[in-house]
Amino acid sequence: MRTVIVVSIISIIIVGILIGIVIGLYSDWQYCKKVNSALKSALKELNTKYEALLSNYSSLNETYIDLLSRHISLINNYTKLMENYSECLFRLAGVLKRFEKIGEIRERLVTYAQYVSTDFTPPSVVLNFRFKVWVWEHGEVSTLEPNYMLYIPVFTRSDELVIYTDIDGRDFQIFLTDLEGFAKFYMGEDYQVYCLARSDGYLNCKVEPVKTYVAVIYNEGSRQVIVKDWKIFEVRELPSYDPYLAGLVKATYILANTPYIVDYRVKYPWETLEQGGDYMDRAILACSLLLKYGFPKSRLALASIDTDGDGRPEHLACLAGIELSSIYDLTYSLENYVASLLGIDPYEAYFGKPNIMLIPSSLVNNSDYALTWIPIDPPDCTTNKCTAMSYVPGNVEYNIYNIIYAETLANLQQQQ
């Protein structure tokens, strides 16, 4: 009995010990579970911070590369700046040398300006204010059978038309009528005739301006008539008399007919007119003529010019300042003035666009900025074959025409 009790007590003690052990293990397990959860949270936070650090490292690396690239670019720019600085120093030295040369050139221009004078009488040059201009041409040889006609309508703003014909045959008539008269002629009725001829050549017709007319060649005979040439001109007047443009044309014409003679001294304008002269004498004569024709000294300039591209002046010219509205108006006016002077038809005289040299006021020292300058520098037409284009002011026959230095005559003569 006693043994059973002892065994039971021992069993109970063992069971209690086991229960205690189990309870302790459970508590340890719960504690470990909490620790594990905390460790996972800490690990997750550490992982997040690690990724953030990686991202920041990548951004810092890109920033470093960008800064390095900018540093290299700054080094390259610094190198270029140093090269440009050296080039600027080199050019500055060249500019200073050129200023020294320009000073010498200006001294020569001041000397030449002393010879520009109006104490002479220029040759007489007359401008014709009415001249004919081609407006239509048949352009081919035509055979005209009996009772047949050739006709062409012509609109004119002039008060006079000129019909030119070259015809083989006889019994024909050439006449000019208006549109109504042509309709009546066609219908066999009486009609108004403004001019009529029964032989070829020039036929002058007085008409009313701003109207359309019909020029007719009619074969009224019984044989064929051969029309070899047929042209119509209108008689124009100079649109307006501009004393400056007239002076330019007259001076250019006189200069072109002054012989070019090489000598070794500077001449006064009256000497050049009598004896001829070189490029210096001709430039002085040109400015003197323009002074005589009313140009003020502020609108005249002497210019040293490079004509072979070596950057050194070997030519002298007189420049005239004009107020330019458009190059077309200037060209048209100068062509008409030259045509009126030479007594020629502008259509037959000019082929292509005139090579009028226009020089901006920025290239002429002491110039009014409202002026555009043109050189009066025609060829010597006494020994060279010249065209009408040679007499157009501003026309130059040099392939290279670089202005090295130019200054107004008013300013140059103040330095005397």
Rounded to 5, percent antiparallel among DSSP beta bridges of the chain:
95
With +1 assigned to the C-beta of every Lys and Arg and -1 to the C-beta of every Asp and Glu, and no other charges, what is the dipole magnitude of the chain about the Cα centre in debye, to the nearest 20?
3020
With 30 Å as the cut-off, how large is the P(r) tail for the chain, expressed as percent of Cα-Cα pairs?
66
Qualifying chymotrypsin sites (Phe, Trp or Tyr not before Pro) for segment 94-189 [loop in DSSP, other Cβ within 10 Å: at most 14]:
Phe129, Tyr148
In nanometres, the difference between 0.36 nm per residue of separation and the alpha-carbon distance of Met187 and Arg312 is 37.5 nm
With a Förster distance of 51 angstrom and the Cβ-Cβ distance between Thr79 and Lys34, calculated FRET efficiency to the nearest 0.05 equals 0.15
Thinking of segment 130-237 as a set of Cα atoms, what percent of all their pairs are more than 25 Å apart?
16
Using eta = 1.306 mPa s and T = 10 °C, Stokes-Einstein with Kirkwood Rh from Cα pairs puts D for segment 1-112, in µm² s⁻¹, at 65
Over the chain, with a Gaussian network built from C-alpha contacts below 10 Å, which listed residue (Lys44, Lys292, Lys80) shows the highest mean-square fluctuation?
Lys44
Assuming a viscosity of 0.692 mPa s and a temperature of 37 °C, what translational diffusion coefficient in µm² per second does Stokes-Einstein assign to segment 294-409, Rh being the Kirkwood radius over Cα pairs?
219
For segment 185-328, what is the per residue volume of the convex hull drawn over the alpha-carbon atoms, in cubic angstrom?
247
Final fewest-first order of His138, His71, His315 on the 10 Å Cβ neighbour count is His71, His138, His315
Expressed as a whole percent, how much of the Cα-Cα distance distribution for segment 293-342 exceeds 12 Å?
74
Using a Förster distance of 22 angstrom, determine the FRET efficiency expected from the C-beta separation of Gln413 and Glu274, and round it to 0.05.
0.40
Karplus 3J(HN,Hα) series, Hz, for segment 8-23 with 6.51 cos²θ - 1.76 cosθ + 1.60 (x for Gly, Pro)
5, 4, 4, 5, 4, 4, 5, 4, x, 4, 4, 4, x, 4, 4, 4
Between their Cα atoms, which of Lys297/Lys385; Lys267/Lys297; Lys132/Lys184; Lys132/Lys250; Lys184/Lys231 are more than 27 Å away from each other?
Lys297/Lys385; Lys132/Lys184
Chain lengthening between Phe129 and Asn56 when straightened (0.36 nm per residue, less Cα-Cα)
17.2 nm
Positive-end residue, the chain charge dipole about Cα centroid, Cβ charges, pick of Leu81, Ile226, His138
Leu81
To make sure I understand the rule: partners must be lysines, Cα under 26 Å from the Cα of Lys44, and not fewer than 8 residues away in the same chain. Which ones qualify?
Lys33, Lys34
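Taken together, the values in this text are just the output of simple stated rules run on the coordinates, not laboratory data. Computed from a predicted structure; not experimentally measured. Ideal geometry is used to build each Cβ from the backbone, glycine not excepted, and the neighbour counts take in all protein chains shown.
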